[in-house]
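J.: Structure below; questions to follow.
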Amino acid sequence: MTKVIIHGCNGHMGRVLTDIIAKDPEIEVAAGVDPYQGVENTYPVFSSLEECDVSADAVIDFSNAKAVDALLSFCEKKTMPVVLCTTGLSDEQLKRVDEVSKKTAVLRSANMSLGINTILDLLKKASQVFLPAGFDCEIVEKHHNQKLDAPSGTAIALADAVNEANGNEYTYIYDRHDRRAKRDPKEIGISSIRGGNIVGEHDVIFAGMDEVITIQHTAYSKGVFAKGAVEAAKFLAGKPAGKYDMADVIAAK
């Protein structure tokens with residue numbers, strides 16, 4: 001039985017995660033951490049990590065970028081594995097992730113879904129065919145109107161998969177409204193749309209002469225991310241220090 005602490009347990013994703021874990025006999029919530037205490041839970045909830053004295057096999061984090069610094073310090077001190085699902089981290093925080101991974105297991109992925117992580121592998125192969133043939137690559141991501149970061153971490157991960165497979169020769173362009181110039185062949189455009197309650201939609205467009213190929217992923221509920229986080233926590237429990245991602249989880253299946 002894998003025991004986890006949910007960091008951000010009373011947020012929307014924390015509630016989805018709690019419901020999914022309740023139906024899984026292989027994992028249980030040992031405790032939750034959330035400054036908001038207005039939700040009844042079947043497990044103890046602490047208002048801060050400093051107050052949490054419950055032992056567990058891993059932490060699953062669905063909080064926000066501001067809370068990640070304290071989380072990383074907590075996991076480093078406790079040598080507790082962490083599934084880091086929060087996006088929008090700064091360069092300094094990403095460096096801190098690298099430091100903590102030397103002392104405990106850290107699994108970080110821009111997107112926890114099986115579909116997105118399969119597409120990442122597909123993009124590496126597809127882009128090695130399309131880009132050398134002169135195709136342009138554009139990425140359009142759509143999310144709900146409450147999402148704080150833009151572009152999404154998933155959009156960046158998709159762009160990185162294309163770029164890395166082609167020698168990291170491409171520049172990312174996030175805004176074209178003030179650019180009066182022809183498109184540079186060595187760029188990847190990333191556009192963000194925010195509206196309504198769109199859970200998450202990502203289109204990777206390869207546009208060539210007389211043909212367009214679009215690879216699309218649509219998430220219809222946040223349950224796909226929570227399910228991935230649960231599988232990641234099961235995988236990470238007991239693993240040695242180091243950096244992991246969802247590709248490792250999928251490979252272990």
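Derivation of every value follows stated rules applied to the coordinates shown; laboratory data play no part. Just so you know, these numbers come straight off a predicted model, no measurement behind them. Backbone-built Cβ (ideal geometry, glycine too); neighbour counts: all protein chains shown.
J.: Return the calculated 222 nm mean residue ellipticity for the chain, to the nearest 500 deg cm²/dmol, obtained by summing -39500 (n - 2.57) across DSSP H runs with n ≥ 4 and dividing by the residue count.
T.: Details: 7 runs with 85 residues, N = 253.
Using -39500 (n - 2.57) per qualifying helix, the result is -10500 deg cm²/dmol.
J.: Next question. Please state, rounded to one decimal and in Å, the Kirkwood hydrodynamic radius that segment 137-194 gives when every pair of distinct Cα atoms enters the mean of 1/r.
T.: 12.2 Å
J.: Assign unit charges at the C-beta atoms only (+1 for Lys and Arg, -1 for Asp and Glu), then state the dipole size of segment 23-152 relative to its Cα centre in Debye, rounded to the nearest 20.
T.: For this selection, approximately 380 debye.
J.: So what does log10 I(q)/I(0) come out to for segment 124-253 at q = 0.11, 0.23 Å⁻¹, using the Debye formula with one equal point on every Cα and no solvent?
T.: -0.49, -1.36
J.: Turning to a different aspect of this structure: Beyond 18 Å, what share of the Cα-Cα pairs of segment 185-253 is found? Please give it as a whole percent.
T.: So the pairs more than 18 Å apart make up 61 percent of the total in segment 185-253.
J.: Excluding Leu123 itself, calculate the net charge of residues whose Cβ lies under 11 Å from the Cβ of Leu123, where each Lys or Arg counts +1 and each Asp or Glu counts -1.
T.: Residues close to Leu123 contribute a combined charge of -1.
J.: Relative to the present Cα-Cα distance, how much length would full extension add between Gln37 and Asp98 at 0.36 nm per residue of separation?
T.: 18.8 nm is the gain from fully extending Gln37 to Asp98.
J.: When ranked by the protection proxy of mean other Cβ atoms within 10 Å per residue, highest first, what sequence do the peptides 176-183, 125-132 form?
T.: Descending packing order for the listed peptides: 125-132, 176-183.
J.: If I take the Cα coordinates of segment 77-159 and project them onto the principal axes, what are the three extents in Å, biggest first?
T.: Cα extents, longest axis first: 50, 31, 25 Å.
J.: With +1 on the Cβ of every Lys and Arg and -1 on the Cβ of every Asp and Glu, and nothing else charged, how large is the dipole of the chain about its Cα centre, in debye rounded to the nearest 20?
T.: For the chain, the charge dipole is close to 80 debye.
J.: Using only Cα atoms, what Kirkwood radius does segment 1-116 have, in angstroms?
T.: Radius from the Kirkwood sum: 14.3 Å.
J.: Local charge sum around Arg183 (other residues, Cβ-Cβ under 13 Å, Lys/Arg +1, Asp/Glu -1)?
T.: Numbers: positive: Arg176, Arg179, Arg180, Lys182, Lys186; negative: Asp136, Glu138, Asp184, Glu187.
Overall, the nearby charge balance is +1.
J.: For segment 37-177, state what percent of all Cα-Cα pairs lands in each successive 5 Å bin, counting from 0 Å until the bin that includes the largest distance.
T.: 2, 8, 15, 17, 16, 15, 11, 7, 4, 3, 1, 0
J.: Dividing the alpha-carbon Rg of segment 19-74 by 2.2 N^0.38 Å yields what?
T.: Relative to the 2.2 N^0.38 Å estimate, segment 19-74 comes out at 1.15.
J.: Right, something else. Let's test the formula: R0 of 51 Å, r as the Cβ-Cβ distance of Ala22 and Val129. What FRET efficiency results, to the nearest 0.05?
T.: For Ala22 and Val129, the calculated efficiency is 0.70.
J.: If you don't mind, another one. In whole Å, largest first, what are the principal axis extents of the Cα atoms in the chain?
T.: Cα extents, longest axis first: 59, 38, 33 Å.
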